Amino acid sequence: MSGRVHLVGAGPGDPGLLTLRAAELLRVADVLLYDALVEDAILALASPKCERIFVGKRRGAHAMPQDEIERLMIEKARAGQRVVRLKGGDPFVFGRGGEEAQALREAGVAFDVVPGISSAVAAPAYAGIPVTHRELAASFTVVTGHEDPAKTASALDWTKLADPKRTLVLLMATATLGEIAEQLIAHGLDAATPVAVVQDGTRPSQRTVSGTLSTIAAEVASANVGSPAVVVVGAVARLRDTLRWFDAGALFGKRVLITRAGHQSEGFARALLERGAEPISAPAIAIEPPDDPRAGDETLDDLESFRWIVFTSRNGVDAFFERLAARGADARAIGAALIAAIGERTAERLEHYGIRADLIPAMYVSERVADAVIARSNAGDRVLLYRASDARDALPRALEAARRHVTDVAAYKTVVAHDPDFAGKVERADVLTFTSASTVRGFVALLGSNDPVEAARGKCIACIGPITAEAAGAAGFHVDVVASVYTTAGILDALEAHFARR
């Protein structure tokens, strides 16, 4: 039985630049052979059952020789497995993908190629540098600054490369940048030609050093620029001053700890990346079924007797419809009951199940939910709360005080997550975010013998709203940012405003 090898480009670094075809193949791969520059968020797309093999190469440190990589691909494919050979950038742009394709063809192994966005164009673009421009450069040339060491002489034609009317893009060139600049000047390019070097292009760690051919080597050495880096030579490099966009935001480069449950952090992480921040996933809590998941089933048999059903989280919504499904029922079981959602995200989750919320309070806190339900109901009406077992009692107390009959069902429970590297993630972060009081408690518990207040010292602490901020303050933290809109988008806006002021 023959398998197949997919030579796949992972793009330049930003997970959002991965192609749809590449993501599709990652999800069905049996074996994944991946390079050093592939982001964890991209690797995470592969199935947990997928065999992951690191074959990355960095200057002077190769995890596996090239011939061994090729032998392994062939062996796995001949065993009938679907192999994804995942390479940074594009597999056919200085990625030795051509050599690997030749080895596969010679071995009679089926393969295909999935192009990726090359750092040759992506890194300059994220630095605000177009590689072509009608007035400045009608063409661009991409060359390597690290040729095959077995060659006795360079294959680069410096006379043609030293062309002031085109853009020159060099990959893997930081170690030889001084010699390259000398060659270009010697072959006629003006020593004052603008040059930009973009390190970690498209990532939150991106930085750009600018200079001229005569100064750039010293500038790069002074700034301690490392790899991976892309060198842009030509008049277009000057446009960075006016076209800079990715690394200009207030959150750019900030390392932001996400403490909410792992299955809920993906959208938050993506939004951080879009604003140039680096998300650090460190769930402080996990969501589990309640101690007795069937305890509320009698309530589900009697849904039509309730005037209102209130949801205070997306987790509660999911738990409700999972229990209905387990009983062979669906949204029709709700009958004429009115539905309240604590906020927009909870309402969106209800819509996923075909239910439109009748009530969303202006402020996303339990007290305002209670006020709104009381305003639209009568004494004696039955109200079902489907929420966390450890939720605050403010909502049922307010409803009961207004003589509503409350049934409070434990839909799920929040527990402290397990993460042996939690303290290390906290240490790396510049910003700590808390999206509930339970994430504050989980943060404190996960640090164990470490002093949580000391671990947070010097870091910006941001909370989703006043209730969470109150819990953080009670734990001894100094809260710097409290969102005025109680959503993760609200936290991002508040953080951006905070750092913009600073």
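Okay, here's what the table says:
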read-out	value
Subset of the range 390-410 [surrounded by 16 or more Cβ atoms within 10 Å (Cβ to Cβ), touching a strand residue (DSSP E or B) at 6+ places or on another chain (Cβ under 9 Å) and either of a type in the set (Ser, Thr, Tyr) or not in a helix (DSSP H, G or I) (or both)]	ALA391, ARG404, VAL406, THR407, ASP408, VAL409, ALA410
Candidates ARG403, ARG382, filtered to the one that is touching a His at 6+ places or on another chain (Cβ under 7 Å) and not aliphatic (A, V, I, L, M)	ARG382
ARG345 vs. criteria farther than 22 Å from HIS405 by Cβ, modelled with pLDDT under 95 and out of contact with any Cys (no Cβ under 7 Å at 6 or more places or on another chain)	yes
Residues located in the range 441-464, provided they are at positive phi and surrounded by 19 or more Cβ atoms within 10 Å (Cβ to Cβ)	none
Selection from the range 470-487 of residues that are assigned to a helix (DSSP H, G or I) and surrounded by 22 or more Cβ atoms within 10 Å (Cβ to Cβ)	ALA472
Selection from the range 61-97 of residues that are open to solvent by less than 10 Å² (accessible area, probe 1.4 Å) and in a loop (DSSP other than H, G, I, E, B)	PRO91
Matching strands (runs of 3 or more DSSP E) fully within the range 248-294 where at least 3 residues are among the small types (Gly, Ala, Ser) and either within 14 Å of ALA462 (Cβ to Cβ) or open to solvent by less than 30 Å² (accessible area, probe 1.4 Å) (or both)	none
Every residue from the range 311-337 that is hydrophobic (A, V, I, L, M, F, W, C), in a loop (DSSP other than H, G, I, E, B) and open to solvent by 70 Å² or more (accessible area, probe 1.4 Å)	ALA336
Cross-chain or 6+ apart pairs with Cβ under 9 Å, the range 369-385 first and within 21 Å of VAL409 (Cβ to Cβ) and part of a helix (DSSP H, G or I), then among the hydroxyl-bearing types (Ser, Thr, Tyr) and open to solvent by 10 Å² or more (accessible area, probe 1.4 Å)	VAL369/THR312
Lone unmet requirement of (1) touching a residue at least 40 places away in the same chain (Cβ under 8 Å); (2) more than 30 Å from ALA271 (Cα to Cα); (3) open to solvent by less than 10 Å² (accessible area, probe 1.4 Å) for LEU7	(2)
Of residues in the range 98-135 being out of contact with any strand residue (DSSP E or B) (no Cβ under 8 Å at 6 or more places or on another chain) and part of a loop (DSSP other than H, G, I, E, B), the one nearest to LEU168 (Cα to Cα)	PRO130
Hits in the range 12-51 (condition: open to solvent by 30 Å² or more (accessible area, probe 1.4 Å), part of a helix (DSSP H, G or I) and either free of Cβ contacts under 8 Å to residues at least 40 places away in the same chain or among the aliphatic types (A, V, I, L, M) (or both))	LEU17, LEU20, GLU24, ARG27, VAL28, ASP40, ALA41
Conditions (1) outside any loop (DSSP other than H, G, I, E, B); (2) open to solvent by less than 30 Å² (accessible area, probe 1.4 Å); (3) touching a residue at least 40 places away in the same chain (Cβ under 8 Å); number of the one not met by VAL197	(3)
Members of the range 411-431 that are under 16 Å from GLY458 (Cβ atoms), open to solvent by less than 30 Å² (accessible area, probe 1.4 Å) and either assigned to a loop (DSSP other than H, G, I, E, B) or hydroxyl-bearing (Ser, Thr, Tyr) (or both)	ALA429
Residue match in the range 371-383 (condition: under 24 Å from GLY442 (Cβ atoms) and buried (at least 16 other Cβ atoms within 10 Å of the Cβ))	no
Lone qualifier among LEU338, LEU395, LEU303 - being of a type outside the set (Phe, Trp, Tyr), over 26 Å from GLY262 (Cβ atoms) and in contact with a Ser or Thr (Cβ under 6 Å, 6 or more places away or on another chain)	LEU395
Residue within the range 74-82 that is within 20 Å of GLY13 (Cβ to Cβ) and modelled with pLDDT of 95 or more present	no
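The values are calculated or read from the model by the stated rules, or taken from the named source; none is laboratory data. Everything numeric in this text was worked out from a predicted model, so none of it was measured. Quick reminder, even Gly has a Cβ in these numbers, built from the backbone with ideal geometry, and neighbours come from all protein chains shown. All accessible areas refer to the heavy atoms of the entire protein, side chains included, with ligands and DNA or RNA removed. Shrake-Rupley method; radii C 1.70, N 1.55, O 1.52, S 1.80 Å.
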